[in-house]
Amino acid sequence: MVVLAASITTRSGKPLLSRQFRELTKDRVLELLSNFQSLVTNLSSEHTFVEGNHVRYVYRPFDDYYIILITNRQSNIIEDLSTLNLLSQTVNNCLSSYDENEIYDSAFEILTAFDEVVIMGYKENLSSTQVTTYLTMESHEERIQEIIERNKEFEATEERKRRAKEIAKREQERRMGIPSMDFSMPSNKFIGSNDPNVTNAYNSYYSHASPAAQQSYLKSQKLGDQPVEDLSSQDSLPRRSDGSAGMKLGGARSKKAVTPVRHSSSSRPSIKPENEEDSFTNNGILILIKEIVNAQISRDGAVSSSELKGVLELRINEKSLGHAKLVLGNDVNVKDRNMQFRTHPNIDKNAFLSNKSIGLRSNDKAFPANDQTLGVLRWRKVGANDDKTLIPLECSTWVSPSEEGEGMFEVTVEFEVNPDYNKDLKDLVFTVPVLTENVFISPDNNDCNASLAGVDEEMGIAIKVDHVEPGQPAVFSFVIEAGYEDALFPLNVNFAHVEQGSSSLTGVSVANITDSQTEEQLPYDLITSLRAEEYAVV
C-alpha cells in the first residue's frame, strides 16, 4: 500500500487542502482531483472508492466535503479504508464545525495530523487517541526556551525600572540642591597614587605589556603630573547662589506660615535616638532591661506582624558585688514557650527554670567588675496577626489629594499609646521615604506639635514629635509632593521610652539581688528601655 496524497475538497470539486506523501507536483495533484470529480459525478450510486487510469481514489463524504486518499491501483483496499477512517477521525478532532473558513484556519493542524498518520506513503500503526496525544505533546526544550525568554524579559524590565529610579533620584537631588556623589572620573584612565607600592605595581605590569600599552601608560603619567582638585573637600561641593549650603523644606507652593528646615549634606538629622539608658551612673550594680520592637501596621491600623526582642544586661563596678544572683519578678513565667527565654552559657539554667534566679553555675566564680555591660538573659516573642500586645504605639494614616496642586498629597497620621503599655513615648520620628522640597506641616491639624526635623538622603523626610502621653490620642497632617500614593510608604516610626525601676513591655522585671555566698541582699539600680527598630506603616 502506498498513499500518494490526502486531500479535502468540496462537493463541487474545489480543492481546499492537500498533503503529498510522494513526489507529486501541485499541477499533478490538481489534475488528479479534477479527474476524481468527473468520476464521482458519473457514478449512479454511493461508493467508497473509484479507480482512474493510473490511481485509485478512496474517499468519504462528510457534510459538503470529501476527504480523499489517492493511492496506486495495487494498494490493499482494506488498509486504505482503515487509513481513511483514521484520517476522518483526526479531521473531526481538529474541527468544531464544518465551515470552509474554519478548515482554512485549521489547515496547519490538519496537515500535521496527516503527517502523524502517514509517513512516506505508509500508514503508521496508531489510534486516534495516540494521534491526539502526539499533537498536544509539549516539548521540554521549548518550555525551557520559553522560560529563558521570559526571564530575559523580566530582567530587562527590572533593569529599566532600576535605571528609571536612578534617573528620577538624581533629578530630585538636583532640584533639591543635594550635591551628587557620582563624581565623573577624570579622562585619564590611570589614576595617580602617592603609595609607592601602587606605583611599583603599575611599573612592573606595564614593563611586560605591549608597546602600545606602554606608550599609553607613559603618556598618562605625564598628564598625571598636573595638580588634581580634591573632590572630597567641602569647598568643592556645589552651593546655592545665595551663599547657603543645603536645602529648604517648604517652598513657595505653600502660603501658610511654615518654619523652613535647613539641611546640608555634612549633617544629617538624627533619625534614631541616642541610648539614654547607657548614660546612667552605676552605683554598684546596674540592671538594664532593653527591649526592641519590630512591627508592620497597615494603613488602617491593623497589625500585620509584630516581634519583640529583649535582653537583660548586668553592670558591676565593685569586686565585692561580683557574686550577685538576680531573681526575676513574680509576674515572669520563665517556662512560657512564647517568650523563648535563653540564658548565657555560664548561667545556671536549672536554677533559672526552677526558681527564676540568674546566677553563675559555680558559686566560686564571680561576675566581672569592670563596669561593662554583660548580657545574661535574652528573650523573643512573636505576635499573631491583629495582636496588639507587642504594639506600644498604635498608628493609622489617611491619604488624600491636596488642594495645593497636582502631585501633592495630604497625609494625616493618627497615633496613640497602647492602653496595655500605658507609658509615655519620647523622641518620636516619622520618616517618609520621599525626597522633595515641597513638604510642610499643616498648622490646622497638629495637636502634638509635630515639626519637620530634616532630610536623610537615604531614609527620606523626618517629622519629629517630642513625646506622647498615654491616654491622649494625637494627630498631625502634612502636605507633600509625591509621584503616587504608594511612594509615601512604608512610613517608618522610631520612638523610645527609658524609665528607672519598672517592668518592661513583656513584664520582665527584677525582684531582688542577693549574694550567692552569703545570701545577703545587695543594692542595685534598674533601668528599662523600649525602642523601635523596624516599626513601619505599610
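The values are calculated or read from the model by the stated rules, or taken from the named source; none is laboratory data. Note that the structure is a prediction, hence the values are computed from the model and not measured. Neighbour counts run over all protein chains shown; Cβ positions are idealised from the backbone, glycine included. For accessibility, only protein heavy atoms count, side chains too; no ligands or nucleic acids. Shrake-Rupley method; radii C 1.70, N 1.55, O 1.52, S 1.80 Å.
With respect to the conditions (1) open to solvent by 10 Å² or more (accessible area, probe 1.4 Å); (2) closer than 30 Å to D331 by Cα; (3) modelled with pLDDT of 90 or more, N446 lacks only one, and its number is (2).
Of the residues V29, V2, the single one that is modelled with pLDDT under 85 and among the β-branched types (V, I, T) is V2.
Hey, can you tell me all the residues within the range 405-423 that are exposed (fewer than 14 other Cβ atoms within 10 Å of the Cβ) and either out of contact with any Ser or Thr (no Cβ under 9 Å at 6 or more places or on another chain) or in a strand (DSSP E or B) (or both)?
Scanning the range 405-423 gives G405, E406, P419, N422.
A search for C-beta distances below 7 Å between a residue of the range 52-72 that is more than 21 Å from E102 (Cβ to Cβ) and any residue that is in a loop (DSSP other than H, G, I, E, B) and among the aliphatic types (A, V, I, L, M), counting only pairs 6+ apart in sequence or on different chains, returns T71/M1; T71/V2; N72/V2.
Residues are listed down the side, and each one gets a yes or a no for (1) open to solvent by less than 40 Å² (accessible area, probe 1.4 Å); (2) among the small types (G, A, S); (3) touching a Pro at 6+ places or on another chain (Cβ under 9 Å); (4) assigned to a strand (DSSP E or B):
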position	(1), (2), (3), (4)
E23	no, no, no, no
S38	no, yes, no, no
T41	no, no, no, no
Y57	yes, no, no, yes
I68	yes, no, no, yes
Q74	no, no, no, no
Q89	no, no, no, no
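Looking across the range 434-463, the residues that are under 23 Å from P392 (Cα atoms) and without any contact (Cβ under 8 Å) to a residue 60 or more places away in the chain come down to N446, D447, C448, N449, A450, I463. Filtering the range 119-149 to residues that are in contact with a helix residue (DSSP H, G or I) (Cβ under 7 Å, 6 or more places away or on another chain) and in contact (Cβ under 8 Å) with a residue 60 or more places away in the chain leaves only K123.
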